[in-house]
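Readers should treat all values here as calculations from the given coordinates under stated rules, not as data from a laboratory. These numbers come from a predicted model, not from an experiment. Don't worry about glycine lacking a Cβ; one is built from the backbone with ideal geometry, like all the others, and counts go over all protein chains shown.
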Amino acid sequence: MKIIKDPVHGYIDVTPCALELLDSPILQRLRYIRQLGFSFLVYPGAHHTRFEHSLGTLYLANVMARQLGLHEEEQNLVAAAALIHDIGHGPFSHAIEPVMVEFCGRSHHEVSALLDDPYLSGCLERHGILQKEVIALLSGNHPLSGIIHGELDVDRMDYLLRDAHYTGAPYGTVDAHRLIRNTCLSEGAITLEEGGINAAESLLIARTLMRPAVYYHHVSRIAEMMLSAAVRSHLEKDTGASPIEFMRLDDAGCMQTLLQSPCDIARILALQIYQRRLYKRAVYVGREQVVSSMTAQKVHPEKRKDISAAIAEDAGVEPHEVLVDIPEFPRSMSVHVRIRNRHRLIGLEEISPLLTTLNETRRGQWRLGVYTPAGHVPAVAASAREILHIRPLTTQERLPF
């Protein structure tokens with residue numbers, strides 16, 4: 001047994017199986033992938049990595065496995081899934097996700113191909129852990145999936161605590177241990193005892209408050225959009241580049257590749273990010289100011305590209321100098337963990353009106369952004385408002401609550 005010191009959870013016990021997984025090249029790569037992408041441009045302390053988060057998820061997964069009374073084989077399976085769950089991330093984590101989906105046809109959640117790595121597959125086999133079981137657990141198709149893959153899972157518990165710690169944002173406080181201690185197995189599913197309701201609500205509040213303050217902060221979003229545009233331009237220009245291999249780079253490798261790209265646009269955008277000469281907001285509006293089609297569904301990259309080109313042409317600027325950011329409209333948080341009280345199993349929604357309020361708050365946090373260099377803001381703003389049919393706020397909507 002090895003002990004690793006963690007700034008969030010203290011000392012973490014690591015079994016020989018977990019240690020062998022941690023030493024794999026695929027896991028070691030996560031030391032060089034920032035957990036929060038470009039949030040360090042807003043919060044200078046946010047340089048923590050996916051490796052640290054994987055360790056923290058392992059720690060909380062082990063705590064929950066013991067709480068649920070799982071036998072050794074199940075504990076090893078849960079521990080392996082906790083460590084492996086983020087190996088599919090590309091450089092700068094979620095920042096590059098849209099390009100990964102567009103060029104590789106997969107998201108970071110899909111790790112089955114990576115489990116064929118000889119070192120990783122050999123380690124799992126030596127410790128009696130089946131790949132198909134790991135994949136089922138991570139994809140939500142296993143009785144124990146709720147530990148890693150759910151609304152109240154240990155993955156979310158760790159990243160909220162860790163992100164709050166490193167950014168200094170005071171919103172990610174979660175009573176993880178109380179939540180875990182009130183978790184049990186009932187009728188073959190992960191269930192929450194009635195005493196854990198307040199802890200569950202605090203996690204959902206933390207997710208809601210961290211969303212605009214950290215995860216969707218406009219500076220981070222602008223840098224992410226610039227990175228996506230740079231990577232897209234690089235992959236389209238360099239016909240010899242492999243999108244799959246590019247997504248296996250770490251943060252430094254990604255940035256250096258872009259800075260030396262044969263594509264002028266990729267080099268320019270990468271240098272601007274590197275020097276923190278970011279685009280500015282020409283338009284930044286909520287759902288009440290846009291047409292319903294912008295929030296009804298996920299906007300296809302080609303449609304977004306067409307909108308950017310139309311705005312750029314109308315404003316008289318270069319196409320790459322207009323970036324349109326239309327995030328996916330927030331889906332409602334729906335807690336599938338059932339609450340066990342004295343008489344029956346019920347959903348959290350039945351006894352917590354707070355969930356409805358939080359979902360409406362999340363929808364109100366949604367923003368459509370159009371970003372451009374500072375000198376082009378007036379022209380691009382005028383064109384964007386015309387082309388996107390941006391509605392002005394009414395007097396009533398401008399009043400504080």
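In this rough spin-label picture, where each label sits 7 Å from Cα along the Cβ direction, the ASN198-ASP116 distance is 5.1 nm.
Taking other C-beta atoms within 10 Å as the exposure proxy, MET226, MET255, MET1 rank MET1, MET255, MET226 from fewest upward.
In terms of surrounding Cβ atoms within a 10 Å radius of their Cβ, LEU393, LEU30 rank from fewest to most as LEU393, LEU30. Taking other C-beta atoms within 10 Å as the exposure proxy, TYR371, TYR11, TYR32 rank TYR11, TYR32, TYR371 from fewest upward. Note on SER293 and LEU259: the model spin-label points, each 7 Å out from Cα along the C-beta direction, lie 4.2 nm apart. On full extension, the segment bounded by ARG391 and LEU130 gains 88.5 nm, given 0.36 nm per residue less the C-alpha separation.
FRET efficiency for the pair THR356 and ASN141, taken as 1/(1 + (r/R0)^6) with r the Cβ-Cβ distance and R0 = 41 Å, rounds to 0.90.
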